[in-house]
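A single structure is presented below for examination.
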Amino acid sequence: MSDDVILKVRDVYRTYDIKGGLFKKASQLTAVKGVSLDVERGSTLAVVGESGCGKSTLARMLTMIDAQTSGSIEIDGLPIDISKTGISKEMRQKVQIVFQNPYGSLNPRQKIGHVLEEPLLLNTDMPSSERRDLALQMLQKVGLQPEHYGRYPHMFSGGQRQRIAIARAIMMKPKLLVLDEPVSALDLSVQAQILNLLADLQDEMGLTYVFISHDLSVVRYIADKVMVMYFGEVVEYGTREEVFDNPQHDYTKTLFAATPQADVESIKKRLAAKAA
Amino acid sequence: MSLLEIRNLKVEFDTAKGPFKALDGVDYKVDAGEVLSIVGESGSGKSVAMLATMGLLPDSATITADKMEFEGLDLRTLSAKEKRKVIGRDISMIFQEPIASLNPCFTVGFQLSETLKAHTELKGKQIKDRVIELLTSVGIPDPAGRLNAFPHQMSGGQCQRVMIAMAIACSPKLLIADEPTTALDVTIQKQILDLLVKLQQDSGMGLIMITHDMGVVAETADRVIVQYKGRKMEEADVLSLFENPQNPYTKALLSALPENATGDRLPTVSDFAEAGGF
């Protein structure tokens, strides 16, 4: 199935220069150190790690917000190196991103219709009536109503906003969707709805997801493959079963041990330990 | 006698569109040495209840209760001055955003000593010693060296430890933790929860843990109150709640946990709302 790899990343590094001050020498910080990965079409790769481990930097490089310092990224056969070649419209259409905080990622002065049409306005020559039709279709697809078209973001709840952000991301019919902690700002029941929506869209549109998260229970539910990052390095990479059933690296084990257990057995164990 | 007993608590906010009921007749009871967890989604009134108890709600809120007693002291009739003596000393609170709860302009040592100056008789060197002792007890490495650190020089987990140190500075009888680990990484969350539970067991204080995370509830609570839209849905000890939830909303919440997923789809609360009628 090697020909069905949609995202191919080889040995990618990202280094940031830290400016020196009067008494401080300029230095360098390597946020991502030699990451390699393959994602097959229609599957989900989950990237796990704590804050500062470089998972969002990786997302920024995949979505062409930031350039890699070295290494190669290939999306659907198209090499990506924006510091050398810039970004073409074709590249833009391949990949889109959904951010963590749906309150911050929507412009409060833009109506929802405008939010959804903007990617088309910028990247295609579509006439406005067609754009409108597409936006209305998309609203329906993510479980919103046509009358939401003319409303402003503040009129929506967090879960609805995240639906809008997802709708915006798939307006361009991308091949790859990068989801940067898409449910961590949401309530449990809303989280379930959004995860269901993502699963439906994946089936329907054949989307490939790179799902960034720190919540292992969500990862276990949604991922095909799991990658664990720690201080910019990949410490564990494998299928969901491999990683969850037989974690190799100490950090992965620590991570699993730290995840709260909500099953009856663990509660019994804790209460017994407390009584003793 | 319970440590804190509240009966029929109602909170209403005046809004431009008329009064909004945030909390509609909920009872709370906490004993010394007990961990009570209040769980619910945003808008369920879980924070509002505790803010009302602490007297931290804005003037637009109307608070009524049939009973609101802390150690037999009626919190409803207490003057602001008398209340200040209790709040911060006998009842203290930790908030969700550790970095935002600390004042960025003052050092950690200074902010910790403020609490001690306000509520204890300690002076000068004694205060400094107590601050170092507190920082040690919450597990800050090199506590004497960190006294002059500003909040921005510490990580989120460390700031939360400082907040906890501040909250337990006067050995409170009741500690209210409002989503204390929501903004933190899982590994740090584990450390902070372990620390809170350890402090609670060592000192025998009552602990109210407000959270939306069923995992946190399972790891810390003795007794649980489940709230939804300002009403109490269910109250049970932690084991029976997870083993045998009674209320349809609790069942919905538990089955929406991704780790309990059985099929391809996660059941959502709205699936249950139609059947359960809440």
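The values are calculated or read from the model by the stated rules, or taken from the named source; none is laboratory data. None of these values were measured; they are calculated from a predicted model. Methodologically, a virtual Cβ is constructed for each residue, glycine included, from the backbone with ideal geometry; neighbour enumeration extends over all protein chains shown.
Please list, ordered by residue number, the helices (runs of 4 or more DSSP H) wholly in region B:37-114 having 2 or more residues that are farther than 23 Å from B:I192 by Cβ.
B:46-54, B:80-86
While we're looking at this one, here's another question. Any idea which of A:R132, A:R168 is more than 29 Å from A:D215 (Cβ to Cβ) and either touching a residue at least 12 places away in the same chain (Cβ under 8 Å) or in contact with a Ser or Thr (Cβ under 9 Å, 6 or more places away or on another chain) (or both)? Spell out how you get there, then give the answer.
Values: A:R168 fails: more than 29 Å from A:D215 (Cβ to Cβ).
Residue meeting the stated conditions: A:R132.
I need a count of the residues in region B:194-214 that are more than 8 Å from chain A (Cβ to nearest Cβ), closer than 25 Å to B:G43 by Cα and assigned to a helix (DSSP H, G or I).
Result for region B:194-214: 0.
May I ask you to list the residues in region A:39-56 that are at pLDDT 90 or above and under 27 Å from A:T259 (Cα atoms)?
To start, the set of residues in region A:39-56 that are at pLDDT 90 or above comprises A:39-48.
Across region A:39-56, the qualifying residues are A:V39, A:S43, A:T44, A:L45, A:A46, A:V47, A:V48.
A follow-up question, please. Out of everything in region A:156-178 that is within 14 Å of chain B (Cβ to nearest Cβ) and part of a helix (DSSP H, G or I), what residue ends up being surrounded by the fewest Cβ atoms within 10 Å (Cβ to Cβ)?
A:G158
Going by the structure shown, is A:E181 within 14 Å of chain B (Cβ to nearest Cβ), farther than 17 Å from B:A256 by Cβ and either surrounded by fewer than 21 Cβ atoms within 10 Å (Cβ to Cβ) or among the β-branched types (V, I, T) (or both)?
yes
Consider region A:236-253. How many of its residues are part of a helix (DSSP H, G or I) and either loosely packed, with under 15 Cβ neighbours inside 10 Å or not β-branched (V, I, T) (or both)?
Total meeting the criteria: 8.
Of all residues in region A:194-211 being without any contact (Cβ under 8 Å) to a residue 40 or more places away in the chain and within 11 Å of chain B (Cβ to nearest Cβ), which is nearest to B:E41 (Cα to Cα)?
In this case the residue turns out to be A:I194.
In the set A:D81, A:D17, A:D3, which member is at pLDDT 85 or above and loosely packed, with under 15 Cβ neighbours inside 10 Å?
A:D17
Scan region A:189-231 for residues that are aromatic (F, W, Y) and surrounded by 24 or more Cβ atoms within 10 Å (Cβ to Cβ) and jot them down.
Selection gives A:Y209, A:F211.
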